[in-house]
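Chemist: Let me begin by handing over the structure; questions about it come next.
No value in this document is a laboratory result; all are computed from the given coordinates. Source: prediction; values computed, not measured. Methodologically, a virtual Cβ is constructed for each residue, glycine included, from the backbone with ideal geometry; neighbour enumeration extends over all protein chains shown.
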Amino acid sequence: MHGRQRVELSPEEEAKKQKEREAKVAAYQFAMKKIIEKRSKGELDSQMLSITGQVLAANPDISTLWNIRKDTLEKLKKADLSDFMDTVVPKELEFSAFCLKSNPKSYGAWYHRCWLMKETEFARVEEELNHCSKFLTYDDRNFHGWDYRRFLLDNCSLVTFEEELQFSTDKISSNFSNFSSWHLRSKILPHLSKDYLEEELELIRNAAFTDPKDQSSWLYHLWLLKSQLKKDAPQLRVLQVSKVHVIACFNVPVPMPSMDDIRIEIPGIIWKSPLNSGRSKLWIANTPADAIKDSDVQVSVSGKYIKELFSSDSMGIELDKLHGKFDSYFDEDTKPKTPAFDKLLREELAWVEELHELEPEIKWPIYTAMTLLRMINFVEFKPQITEYLDKLQKIDPKRTNYYNDLRSKFVIEWILLDKAKVDEEIVDLSGLELTSIYYPERFCYHRVIDCSRNKLKNAASLASFVNCHMLDISNNQIPVNLTLVKVLQGLLPNLKCIKSSGNQGFGVSMFSKEFADSVKIV
Amino acid sequence: MAASLSTDIILPNPPPDLLLPKHAEFLSRYGTSKEDYEYCMTEFLRMSGMYWGLTALSLMDKLDSVPPSDVIAFIQDCFDETTGGFSPAKDHDPHVLYTLSAVQIIAMYDEFKAVDCSKIVSFIQSLQQADGSFFGDQYGEVDIRFSFCAVATLSLLKKLDAINARKAADFILSCQNFDGGFGSKPGSESHAGLIYCAVGTLSILKEVDRINSDLLGWWLCERQLKSGGFNGRPEKLPDVCYSWWVLASLTILGRQDWIDQKALIKFILSCQDTSTGGFADRPGDVVDPFHTLFGLGALSLLGYQDEKLLKLKKINPVFCMSQDIIDKLEIEVQILPGGGAS
Ligand SMILES: [Zn+2]
């Protein structure tokens, strides 16, 4: 039941209403009985349309009755096609429209129209489009109406993408706060041949200045800018083989490297990802014992996701050496931009910051400015980005943990960009208020990792620290649970020492005797 | 500058306590008078209504207030031997929506012998299309909700291999939008209820790692309004059922802490009818079993405890069923760890 208010009735009103309801129930039950009887006798006729119509008009959600109508209509179609096309279908469309008037969200009534269109091979599609446009002027957020419109457009060539974009523009101009229309634009743009970017940005700017609190145009804005960036194709970035394990690290999550596009093979190798997910940036395997010849391991590689790092198909890989290197950026956002795009981002930043000065308490300009700065020059603008994050946290406390994670992500990125901090086998991530460790795969080769004095809330990221000998997770908020034990005990084969004091409930007794005997736990 | 349209509500202060005994009473009373108006007029979704009510009762550990034999007899009555699907009520047509509800109830009572389950599997199988999507029934409507129903049904029956799981996941991903969310079909606008269906399906298929959890998680936590309640799309009113759709999705994505949990609890508690029991979509509206389940379900996900330390049973975020049933069936869903690792 949606949007029906409780009302207090007087005893007289209550009695009156009760009577009405009893009458409605009786009418419903009588009609249903008749319908079921007729159906069992195969009497799919115009009387059937009339009785099911009476019930559906009061309650269009009874899908079985729409089914019975469809069966009846098919029979009528077979009997007299031209009558079906000229009389029956128009009446049926009218009936569905009638039902939608009282219940615009009725799945059954909407689908009935789709079904009628298919059944008539879209003979009335133009009329329907007009009808649907009119409907959307009454309720421009009804997703059934939008879905129906797209269904019609997909099945005719009456409207070009340019015209559909204009339709969306008209809707937005009459109501900027119309997420449905912005959504529609995101679907049309990829089909346009002309360059639309300038015009889109202007429309967004107008919407943002009109109602800076409305998230629709802001969400669309960031998407539009990010969608201009080319997505990185998956590529192997780093490969390391030691006596113990093989580590393969990619720039984006990929499926197990034993398929056509990515194949890294050593006879007997069995790959797994740190957390057993089907896709991962990091893949690890035990080195098959008989694969090691002196200080080399023979590896055969193939597939398009491998080719940047290795030119030949089969080669000896030197033990322990780290082959390849990581990108200096993290995702498309922070990748270096062309001068033209950089200029455009700075222009966007200018008006967003102007709006922020006008409306300092509204979060969307702040969030957008922060993201734009990250895209323009993540290192140079570190102070400004940090300041914006602080502001967000202050004016939007409901999402404080989201911002904490976002900050943690940025902090790790800044550390990774500072080569001096991560090039050695030791990395210091301590005391940074981290709630999460983003990009844990980038620490797969470090032997000493210090994450102490943070606010880490779980152990999952630690599973990527496969080379780690000395792990310090003391003074965090990591809950002691199965994940933690599984990660430390089962997934970090090189671990020699773990510092864990200051996490509530942590103790040697959590681990197996074997683990406690071989790893120093302090 | 024009002010935003008012799309939030003001809560009564302070919210009432959690009235578990009243909710149990409301649910077990619901449908005892078969001539009741609401009850008759919702006959077309009776099977789902049963599932909502029984699951809500099971979360309060009050399932024994309904005789199991009545429930199982009803389920058997609604089973269509010809297609292998379940209808919402006798003399109605079978549909995948009610097939999932029926199988959830069967699982709850561990009554897998009540009907010929191999026929249910064939029914689901017959609904899958070449693009991986699912029809709801033989009349050909496609919706991401039906994908969830199909996949969840087979998972409960331990027969996921009966369909093309890969394609089922591909279809879900084809419904993804610029904001990271999912709509009912490819091209449809994002909507929290449909996001739950998408994320839930991918969780059962162990393919949640194919989506951008940070982007989707952000959109989902932006559903929380000042009142603490969630809406299902931008600029819409809050509603208790979205507490479930949004929170369960965030839980699967490992990002449950991205929202203000205390404010959400306050909103949910305010939607109780303190005299009749039950939850409504918003404070002051008419209550029903649907919103009662999703209000209690969200509180259970949050591990809510009242002052007397009364606690709801733990709920599974994918199946929206008591976790002990899912554990007993040894079904594992994918829950992302969050915290940057995914
Ligand atoms: Zn609702």
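Chemist: Short version: ³J(HN,Hα) in whole Hz for each residue of segment A:247-256, in order, from phi by Karplus 6.51 cos²θ - 1.76 cosθ + 1.60 (θ = phi - 60°), x for Gly and Pro, what are they?
Modeler: 10, 10, 10, 10, 6, 9, x, 10, x, 3
Chemist: Could you compute Rg(Cα) / (2.2 N^0.38 Å) for segment A:236-324, with N its residue count?
Modeler: Ratio of Cα Rg to 2.2 N^0.38 Å: 0.98.
Chemist: Let me ask something additional. For chain A, what relative contact order do you get, as a whole percent, if you take Cα pairs closer than 8 Å and at least 6 residues apart?
Modeler: It rounds to 6 percent for chain A.
Chemist: Then there is this: If Rh is defined by the Kirkwood formula over all Cα pairs and Rg also comes from Cα, what ratio Rg/Rh do you get for segment A:13-226?
Modeler: With Rg and the Kirkwood Rh in hand, the quotient comes to 1.09.
Chemist: Give the separation of the Cα centroids, segment A:14-83 to segment A:491-505, in Å.
Modeler: Rounded to whole Å, the Cα centres lie 68 Å apart.
Chemist: A follow-up question, please. Can you give the translational diffusion coefficient of segment A:458-522 in µm²/s, computed by Stokes-Einstein from the Kirkwood radius over Cα pairs at 37 °C and 0.692 mPa s?
Modeler: Answer from the Stokes-Einstein relation: 283 µm²/s.
Chemist: In terms of Cα to Cα distance under 18 Å, which aspartates and glutamates are near enough to residue A:419, apart from those fewer than 8 places away along the same chain?
Modeler: Correct list for residue A:419: A:327, A:331, A:380, A:428, A:441, A:450.
Chemist: Could you give the distance between the Cα centres of segment A:367-415 and segment A:304-365, to the whole Å?
Modeler: Cα centroid to Cα centroid, the span is 16 Å.
Chemist: When all alpha-carbon pairs of segment A:339-412 are counted, what percent fall beyond 17 Å?
Modeler: 42 percent
Chemist: So, one more: How large is log10 I(q)/I(0) at q = 0.22, 0.24, 0.28, 0.31 Å⁻¹ when the Debye formula is applied to the Cα atoms of segment A:148-187, each weighted equally and without solvent?
Modeler: -0.70, -0.80, -0.99, -1.10
Chemist: Can I ask one more? Efficiency by 1/(1 + (r/R0)^6): what FRET value for residue A:20 and residue B:125, r their Cβ-Cβ distance, R0 = 41 Å, to the nearest 0.05?
Modeler: So the FRET efficiency works out to roughly 0.35.
Chemist: Fully extended, how many nm does the chain gain between residue A:414 and residue A:455 (0.36 nm per residue separation, minus their Cα-Cα distance)?
Modeler: 12.9 nm
Chemist: Which semi-axes, in whole Å and largest first, does the equivalent ellipsoid of segment B:35-183 have when worked out from the alpha carbon gyration tensor as the square roots of 5 times its eigenvalues?
Modeler: 27, 17, 16
Chemist: How many angstrom separate the Cα center of segment A:108-145 from the Cα center of segment B:321-342?
Modeler: 40 Å
Chemist: Placing unit charges on C-beta atoms (Lys and Arg positive, Asp and Glu negative, everything else neutral), compute the dipole magnitude of segment A:281-360 about its Cα centre in debye, rounded to 20.
Modeler: I would put it at about 520 debye.
Chemist: Once segment B:124-234 is represented by equal point scatterers at the alpha-carbon sites, with solvent omitted, what log10 I(q)/I(0) does the Debye formula produce at q = 0.18, 0.19, 0.21 Å⁻¹?
Modeler: -0.83, -0.91, -1.06
Chemist: Here's a follow-up. Using 0.36 nm per residue, how much length does the chain from residue A:86 to residue A:335 gain when fully extended, once their Cα-Cα distance is taken away?
Modeler: Here the segment from residue A:86 to residue A:335 would lengthen by 83.6 nm.
Chemist: Please report, largest first and rounded to whole Å, the three semi-axes of the ellipsoid equivalent to segment B:230-313, where each semi-axis is the square root of five times an eigenvalue of the C-alpha gyration tensor.
Modeler: 19, 17, 10
Chemist: If you don't mind, another one. Could you give the length gained on full extension between residue A:50 and residue A:134, defined as 0.36 nm per residue of separation minus the Cα-Cα distance, in nm?
Modeler: Residue separation times 0.36 nm, minus the Cα-Cα distance, leaves 27.5 nm.
Chemist: Follow-up question, since we're still on this one. Rounded to the nearest 0.05, what FRET efficiency do residue A:5 and residue A:270 have when you use their Cβ-Cβ distance and R0 = 60 Å?
Modeler: The calculated FRET efficiency here is 0.45.
Chemist: Give me, ordered by chain and number, the residues 5 or more places off residue A:252 or on other chains with an amide H under 5 Å from its own placed amide H.
Modeler: A:235
Chemist: Residue by residue through segment A:337-352, which ³J(HN,Hα) values in whole Hz follow from phi under the Karplus form 6.51 cos²θ - 1.76 cosθ + 1.60 (θ = phi - 60°), with glycine and proline marked x?
Modeler: In residue order, the calculated couplings are 9, 6, x, 5, 6, 4, 4, 4, 4, 5, 5, 4, 4, 4, 6, 5 Hz.
Chemist: Further question: Determine one quarter of the surface area of the Cα convex hull of segment B:187-230, which equals its mean projected area, and express it in nm² to one decimal.
Modeler: 3.6 nm²
Chemist: Next question, about the same structure. At 7 Å along the Cα-to-beta-carbon direction for both residue A:158 and residue A:298, put a label point, then send me their distance in nm to one decimal.
Modeler: Modelled inter-label distance: 6.8 nm.
Chemist: Check residue B:141: other-chain or 5+ apart residues with amide H under 5 Å from its amide H, H built from backbone geometry?
Modeler: Long-range HN contacts for residue B:141: B:136.
Chemist: Follow-up. Distances longer than 18 Å among the Cα atoms of segment A:364-489: what percent of all pairs is that?
Modeler: Roughly 55 percent, rounded to a whole number.
Chemist: At 7 Å along the Cα-to-beta-carbon direction for both residue A:390 and residue A:314, put a label point, then send me their distance in nm to one decimal.
Modeler: 6.1 nm
Chemist: Given 20 °C and 1.002 mPa s, how large is the Stokes-Einstein diffusion coefficient of chain B in µm²/s, with Rh as the Kirkwood radius over Cα pairs?
Modeler: In µm²/s, the coefficient rounds to 106.
Chemist: What list of ³J(HN,Hα) values in whole Hz, one per residue of segment B:189-203 in order, does the Karplus curve 6.51 cos²θ - 1.76 cosθ + 1.60 (θ = phi - 60°) give from phi, with Gly and Pro shown as x?
Modeler: For segment B:189-203, the Karplus curve yields 4, 5, 7, 4, x, 6, 5, 4, 4, 5, 5, x, 4, 5, 5 Hz.
Chemist: Over the Cα atoms, compute the radius of gyration (one decimal) and Dmax (the largest Cα-Cα distance, rounded to a whole number) for segment B:194-342, in Å.
Modeler: 15.0, 46
Chemist: May I pose another question? Got the relative contact order for chain B handy, in percent, Cα pairs under 8 Å and 6 or more residues apart?
Modeler: After rounding, I find 19 percent.
Chemist: One-quarter of the Cα convex hull surface for the protein assembly as shown, in nm²?
Modeler: 39.1 nm²
Chemist: Also: Starting from the Cα of residue A:206, step 7 Å along the direction of its Cβ; do the same at residue A:496; then give the gap between the two resulting points in nm.
Modeler: It works out to 6.8 nm between the two label points.
Chemist: OK, next. What pairs from A:281/A:325; A:75/A:118; A:343/A:391 go past 20 Å between their alpha carbons?
Modeler: Violating the 20 Å Cα-Cα cut-off are A:343/A:391.
Chemist: Next question, about the same structure. How high is the FRET efficiency between residue A:423 and residue A:513 when r is their beta carbon distance and R₀ equals 45 Å, given to the nearest 0.05?
Modeler: 0.75
Chemist: Using Cα positions and a limit of under 30 Å, work out the lysines in reach of residue A:24, with same-chain residues fewer than 8 apart set aside.
Modeler: Of all the lysines, those that pass the test against residue A:24 - Cα under 30 Å, at least 8 places apart if same chain - are A:16, A:33, A:34, A:38, A:41, A:70, A:91, A:101, A:105, B:22, B:34, B:90.
Chemist: Straight-line reach from residue A:194: which lysines fall under 19 Å, measuring Cα to Cα and dropping same-chain residues less than 8 apart?
Modeler: Leaving aside lysines fewer than 8 places away in the same chain, those within reach of residue A:194 are A:226, A:230.
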